[in-house]
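These notes concern the structure reproduced below.
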Amino acid sequence: MMQSIDAIAENLKAERESRGLSLEQLAELTGVSKSMLRQIETGKSSPTVATMWKIANGLRVSFTALMSRRVIAVEVKSFRGETPITDQGEHYRVYPLVSFNPQQSFEIYYLEIDPGTSFEGEPHQGNVHEYLFVTRGALVVSVADKEYAIGEGEFLQFPANCRHGYRCTGEEMAQVIMQLNYHL
């Protein structure tokens, strides 16, 4: 396991610190001595497979989560970088920004809605919350038979498992960031 000792050291320390655990508390959780954990975190000791399993089980993380080198992806993208999904004769445009994945349980879209355009959204299945951040223009959002006006610099949050719709009420195109949070 020598090839991944640096990754193990970094991952173990990051996991422990993200949970606010001392080495002593981590030792209690894992059954691995405090001195051995310190040696692993500082890269001075390569743990055995049995020790790795104790740590993984104690922290309730996968074995490979401790061994894999973490990749920090940094990327600048345009709101309009992807091909939009359109509706209402292309007067309602949805650009995917951040796709759903189970580790983050949310997704983000950029919307453009032309003046006078309305769109009725389908109720989402499960415990889903929708957040609409208006960056330009004005919208009226209907949620379960009530209407809410939101303008530039405002946002609306609501449970999305009911009927809801959007209508651009301004003289200019509404630009909106939509985030869907899935509470699994």
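The values are calculated or read from the model by the stated rules, or taken from the named source; none is laboratory data. On a predicted model such as this, the values are computed, not experimentally measured, just so you know. A quick note on method: Cβ atoms are made from the backbone with ideal geometry, for glycine too, and the neighbour counts reach across all protein chains shown.
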Which residues, counting only those in region 56-82, are free of Cβ contacts under 8 Å to residues at least 12 places away in the same chain and in a loop (DSSP other than H, G, I, E, B)? R60, S62, V71, I72, A73, V74, E75, V76, S78
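Which residues, counting only those in region 1-19, are modelled with pLDDT of 85 or more and either more than 26 Å from V71 (Cβ to Cβ) or not in a helix (DSSP H, G or I) (or both)? It would help to see each step written out before you state the result.
We begin by selecting, within region 1-19, every residue modelled with pLDDT of 85 or more; these are 6-19.
Matches in region 1-19: R19 only.
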Can you confirm whether S35 is farther than 25 Å from Q103 by Cβ, at pLDDT 90 or above and small (G, A, S)? yes
Given the options S68, S22, name the one that is surrounded by fewer than 18 Cβ atoms within 10 Å (Cβ to Cβ) and modelled with pLDDT under 90. S68
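Can you tell me which residue in region 98-113 is modelled with the lowest pLDDT, limited to those that are assigned to a strand (DSSP E or B) and under 9 Å from the mean Cα position of the chain (by Cα)?
Within region 98-113, the first condition is being assigned to a strand (DSSP E or B), and the residues that meet it are 98, 106-113.
Those still in the list that are under 9 Å from the mean Cα position of the chain (by Cα) too: 98, 106-108.
On the way: V98: 88, F106: 91, E107: 93, I108: 95.
The qualifying residue modelled with the lowest pLDDT is V98.
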Filter region 126-148 for residues that are within 13 Å of H164 (Cα to Cα) and outside any strand (DSSP E or B); the one that is modelled with the lowest pLDDT is D145
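For residues that are part of a loop (DSSP other than H, G, I, E, B) and surrounded by 17 or more Cβ atoms within 10 Å (Cβ to Cβ), scanning just region 25-55, find the one that is farthest from the chain's Cα centre (by Cα).
This residue is S45.
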